[in-house]
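So the structure is just underneath, and the comments pick up after that.
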Amino acid sequence: MKKLIVKTREIIFYFLVEIVIPSYVKLRPPKKPRWNLSVQDLLAFPKDTLGNALGLFLQKRNLKPIPNSEEHDVLHLILGYKTEVEDEIRMQFFLLGNGKITLSVLGTMVVGLLMPEVWGKFIRDFKRGATSPIIYNINFKKRLNRPIDEVLLYLNTNPTLSL
């Protein structure tokens, strides 16, 4: 039974991530211009910059930037959340605590409510977001050429992911 519940949650989450959220992103007017940068473009930034670190992060996970959602991957990098289901949801709880209220955040949280075994982590992530500097509205594209350590220090984040 537990395996069925876990599988059902994952199906719901992937439906949100693969169908609902991309459709929402395509239909909503972009708040910021697209970055139009590939992984290779990001890797071309000087070593130890935010841009290069983001390129390495994406390359290691075999991911590509998603148009109009490029900063989502930056948040994974600087906050230390993995790209797996539980960590995607944890990051959304962080963002809610940080003041971001969007369809993506709320929709992802619905799936999180189906995961009572990790509610404690979600609560900690929400509190972490609430006590962190507001980061969800920062223009990270302007900071791609800045040293990654400087960006992390400025944001007072302590990521646990390795590139």
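The values are calculated or read from the model by the stated rules, or taken from the named source; none is laboratory data. Quantities reported herein were computed from a predicted structural model and do not represent experimental measurements. Methodologically, a virtual Cβ is constructed for each residue, glycine included, from the backbone with ideal geometry; neighbour enumeration extends over all protein chains shown.
Things worth noting here:
- Restricting the stretch 137-147 to residues that are in contact (Cβ under 8 Å) with a residue 24 or more places away in the chain and assigned to a helix (DSSP H, G or I), the residue that is nearest to residue 48 (Cα to Cα): 143
- Of all residues in the stretch 32-43 being exposed (fewer than 13 other Cβ atoms within 10 Å of the Cβ) and farther than 10 Å from residue 70 by Cα, the one that is farthest from the chain's Cα centre (by Cα): 40
- Being more than 13 Å from the chain's Cα centre (by Cα), more than 21 Å from residue 44 (Cβ to Cβ) and not in a helix (DSSP H, G or I) holds for only one residue in 123, 134, and it is 134.
- Subset tally (residues that are surrounded by fewer than 19 Cβ atoms within 10 Å (Cβ to Cβ) and under 26 Å from residue 154 (Cβ atoms)) for the stretch 88-103: 4
- Residue in the stretch 26-42 that is in a helix (DSSP H, G or I), over 21 Å from residue 82 (Cβ atoms) and at pLDDT 70 or above present: yes
- Contact annotation: residue pairs with Cβ atoms under 7 Å, 6 or more positions apart or on different chains, pairing a residue in the stretch 48-77 that is on the phi > 0 side of the Ramachandran plot with a partner that is part of a loop (DSSP other than H, G, I, E, B), are 68/30; 68/34.
- Of all residues in the stretch 78-115, those satisfying the criterion of being touching a residue at least 40 places away in the same chain (Cβ under 8 Å) and not hydrophobic (A, V, I, L, M, F, W, C) are 80, 81, 82, 88, 104, 107, 108.
- So residue 46, is it over 18 Å from residue 61 (Cβ atoms), modelled with pLDDT of 75 or more, of a type outside the set (S, T, N, Q) and under 19 Å from the mean Cα position of the chain (by Cα): no
- Evaluated against (1) of a type in the set (Gly, Ala, Ser); (2) over 19 Å from residue 18 (Cα atoms); (3) over 14 Å from the mean Cα position of the chain (by Cα), residue 129 falls short on exactly one condition, (3).
- Index of the failed condition, residue 99 passing every other in (1) farther than 18 Å from residue 126 by Cβ; (2) in a loop (DSSP other than H, G, I, E, B): (1)
So that you can scan it fast, the table gives a plain yes or no per residue for (1) farther than 18 Å from residue 93 by Cα; (2) modelled with pLDDT of 90 or more:
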| position | (1), (2) |
| --- | --- |
| 121 | no, yes |
| 125 | no, yes |
| 137 | no, no |
| 140 | yes, yes |
| 143 | yes, yes |
| 146 | yes, yes |
| 154 | yes, no |
| 157 | no, no |
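- In the stretch 71-87, the qualifying residues are those that are touching a helix residue (DSSP H, G or I) at 6+ places or on another chain (Cβ under 7 Å) and of a type in the set (Asp, Glu), and the one that is surrounded by the fewest Cβ atoms within 10 Å (Cβ to Cβ) is 86.
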